[in-house]
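The values are calculated or read from the model by the stated rules, or taken from the named source; none is laboratory data. It should be emphasised that the depicted structure is a prediction, and the values quoted were computed from it without experimental measurement. Neighbour counts are summed over all protein chains in view; Cβ atoms, including those assigned to glycine, are modelled from backbone coordinates with ideal geometry.
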Amino acid sequence: MQKARELFEQVVAADPNNAPAYAGIADCYNILALYNSLSPREAFPKAKAAALRALELDSKLAEAHAALALGAYIYDWDWVIAEQEFQRALDYNPNYAPTHQWYSTYLAVRGRADEAIAEARRTQELDPLSLIINAQLGRILYYTGKYDEAITQLQKTIALDGSFFAARRYLGQVYEEQGRYEQAIAELNQALTLSNGSAVVKVELAHAYAVAGKKDEARKIISELPNSTSAYQLAAIYAALGEKEEAFASLQKALVERSDRLIYLKVDPRLKQLRGDARFTHLLQKIGL
């Protein structure tokens with residue numbers, strides 16, 4: 001993604017009126033934030049600026065509208081603008097798969113389950129061999145509570161490419177929610193190996209250990225995590241460990257950092273222990289959910 005951004009920037013240096021290249025820059029910054037490679041406060045404003053520049057040059061460029069929509073809800077928590085921008089992107093190019101992919105997440109985190117699943121299935125129809133799009137459908141099924149369907153979909157994704165760690169990561173989370181802890185831990189350990197030790201996967205493995213009652217293993221992973229680890233993800237582990245105050249302290253830190261993960265507050269099953277607390281309701285209100 002960093003190399004892609006550099007190449008897109010070479011394009012706009014040579015051709016300052018190249019709208020698709022600005023949209024590409026926006027995509028790179030958005031995804032770098034989602035992969036925890038850049039902080040949200042650094043990446044998302046740069047993505048927005050690049051998307052707006054693309055739209056100055058071509059107001060009907062679907063890729064730019066989609067990039068703008070993504071940042072609008074993940075970083076700005078502006079759900080109205082995000083919906084408008086997604087609809088514009090779909091109007092201008094209904095066959096651009098990433099719009100449907102990102103819109104499916106928007107719908108899922110807002111609790112619009114049937115629409116979210118329909119969008120994720122439409123994405124898959126447009127790009128049936130994309131590994132991330134196939135895994136995304138499994139993830140949407142997970143967030144909408146359809147665990148058996150999620151398992152089937154994620155196993156199909158793994159059948160396409162057994163080394164694709166994201167599918168194993170999501171499958172581990174589904175197994176965990178079903179109480180199949182040994183299977184969850186096995187999948188997440190595989191994902192950890194395949195991802196070359198991704199900190200995101202380590203956090204989810206720690207959560208699986210915590211809910212499985214293996215608290216020492218969970219705390220050992222916490223002690224080894226880098227300082228850049230998402231505060232939101234840490235909150236999920238603390239909730240699983242029964243450390244409610246630490247969980248809310250981490251969620252408050254995530255709010256200050258404008259963590260991209262906060263959009264999942266309403267639907268993330270890992271936080272169910274916190275939902276009856278007034279502080280949780282306040283957090284939902286702060287981000288417009």
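For the stretch 140-163, filtering for residues that are part of a loop (DSSP other than H, G, I, E, B) and within 16 Å of Q178 (Cα to Cα) leaves 3. Scanning the stretch 195-234 for residues that are surrounded by fewer than 18 Cβ atoms within 10 Å (Cβ to Cβ) and among the charged types (D, E, K, R) gives K214, K215, D216, E217, R219, K220, E224.
The lone criterion from (1) in contact (Cβ under 8 Å) with a residue 60 or more places away in the chain; (2) surrounded by 24 or more Cβ atoms within 10 Å (Cβ to Cβ); (3) over 25 Å from A19 (Cα atoms); (4) not basic (K, R) left unmet by S104 is number (1). Scanning the stretch 119-139 for residues that are within 18 Å of the chain's Cα centre (by Cα) and over 15 Å from Q178 (Cα atoms) yields a total of 13. Apart from one condition, R275 fits all of (1) touching a Leu at 6+ places or on another chain (Cβ under 8 Å); (2) surrounded by fewer than 18 Cβ atoms within 10 Å (Cβ to Cβ); the exception is (1).
One residue stands out among those in the stretch 1-58 that are under 20 Å from Y75 (Cβ atoms) and acidic (D, E): the one that is surrounded by the most Cβ atoms within 10 Å (Cβ to Cβ), which is D27.
Taken together, the criteria exclude K214 from residues that are modelled with pLDDT of 95 or more and under 17 Å from L271 (Cα atoms).
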